Amino acid sequence: MFVGAGLVLGLQWLTTAGAPVPAAPVGLSAEPSGSAEPKIGLPNHERTPGAINSAATQDNLPTTVCLPGWAKSVRPPSAYTSALKIAQLFEYGYADKNPTLYQEDHLVPLELGGAPRDPRNLWPQPNTVTLADGTAIGSKEKDDLEDVLHRQVCDGALPLADAQRTIAGDWIAAWEKAGRP
């Protein structure tokens with residue numbers, strides 16, 4: 001417990017705060033539905049609500065998120081995300097703290113203007129979870145959804161803020177609604 005807390009405090013000076021995920025229009029919610037307990041495969045939204053990179057906006061898509069290589073150019077070093085993952089495994093209270101079972105993932109992906117270093121946008125995503133219907137999903141399925149949303153944003157079919165809300169709210173429900181790409 002002290003190791004995890006120490007890592008978080010030591011990493012705070014390295015973090016760059018992002019902006020909150022854009023609020024949903026009246027009548028729409030970006031939060032997952034149901035109880036306060038996180039749905040399996042989703043982050044605890046109190047710890048990881050998502051955060052966006054204020055440098056990426058709807059007005060500058062061609063020079064940010066839609067520019068080939070942009071996400072790679074803002075990706076934090078693996079030393080940072082690996083250390084944060086260890087700390088967050090303790091913060092999240094996961095029973096199994098084996099870091100190889102998780103991927104430190106951006107809730108709002110860099111490809112959709114997610115904040116690169118903000119801990120509110122990073123979480124230890126289980127490599128695999130099993131849905132109620134027996135379907136095993138994980139980071140590959142989230143990556144596939146990210147690709148679909150990225151294409152829609154860059155093609156002008158979906159506003160950036162809507163894509164950010166969609167993936168930050170309940171990526172599994174969004175993946176299912178998109179036809180399980």
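The values are calculated or read from the model by the stated rules, or taken from the named source; none is laboratory data. All values reported here derive from a predicted model rather than from experimental measurement. Reconstructed Cβ throughout: ideal geometry from the backbone, glycine too, with neighbour counts over all protein chains shown. Accessible surface areas use protein heavy atoms only, side chains included; no ligands, DNA or RNA. Shrake-Rupley method; radii C 1.70, N 1.55, O 1.52, S 1.80 Å.
Quick one: in the stretch 79-99, which of the residues that are of a type in the set (Ser, Thr, Tyr) and at pLDDT below 95 is farthest from residue 112 (Cα to Cα)? Steps first, please.
Going residue by residue through the stretch 79-99, those that are of a type in the set (Ser, Thr, Tyr) are 80-82, 92, 94.
Retained after the next criterion (residues that are at pLDDT below 95): 92, 94.
Values: 92: 25, 94: 28 Å.
That would be 94.
Within the stretch 88-98, can you find the residues that are closer than 13 Å to residue 120 by Cα and touching a helix residue (DSSP H, G or I) at 6+ places or on another chain (Cβ under 8 Å)?
Of the stretch 88-98, the ones closer than 13 Å to residue 120 by Cα are 88, 91-92.
Correct list: 88, 91.
Of everything in the stretch 127-177 that's basic (Lys, Arg) and open to solvent by 60 Å² or more (accessible area, probe 1.4 Å), which residue is nearest to residue 104 (Cα to Cα)? Steps first, please.
Initial filter on the stretch 127-177 (basic (Lys, Arg)): 140, 142, 151, 165, 177.
Restricting the remaining residues to those that are open to solvent by 60 Å² or more (accessible area, probe 1.4 Å) gives 140, 151, 177.
Numbers: 140: 13, 151: 23, 177: 24 Å.
Checked the stretch 127-177; the qualifying residue nearest to residue 104 (Cα to Cα) is 140.
For the list (1) in contact (Cβ under 8 Å) with a residue 60 or more places away in the chain; (2) among the aliphatic types (A, V, I, L, M); (3) out of contact with any strand residue (DSSP E or B) (no Cβ under 9 Å at 6 or more places or on another chain), I need the number of the one condition that residue 108 fails.
It fails just one condition, (3).
Tally up the residues in the stretch 145-181 that are under 20 Å from residue 61 (Cα atoms), touching a residue at least 24 places away in the same chain (Cβ under 8 Å) and of a type in the set (Asp, Glu), please.
2
Only one of these is at pLDDT 95 or above and out of contact with any Phe, Trp or Tyr (no Cβ under 6 Å at 6 or more places or on another chain): 131, 145, 149. Name it. Talk me through it step by step, then tell me what you get.
Working: 131 fails: at pLDDT 95 or above; 145 fails: out of contact with any Phe, Trp or Tyr (no Cβ under 6 Å at 6 or more places or on another chain).
Going through 131, 145, 149 in turn, just one is at pLDDT 95 or above and out of contact with any Phe, Trp or Tyr (no Cβ under 6 Å at 6 or more places or on another chain): 149.
What pairs can you find where one residue is in the stretch 75-90 and within 15 Å of residue 106 (Cα to Cα) and open to solvent by less than 30 Å² (accessible area, probe 1.4 Å), the other is assigned to a loop (DSSP other than H, G, I, E, B) and at pLDDT 95 or above, and their Cβ atoms are less than 6 Å apart, with a gap of 6+ or different chains?
76/116; 76/117
For the stretch 40-65, name all the residues that are more than 26 Å from residue 130 (Cβ to Cβ), open to solvent by 40 Å² or more (accessible area, probe 1.4 Å) and not in a helix (DSSP H, G or I).
The answer is 54, 55, 57.
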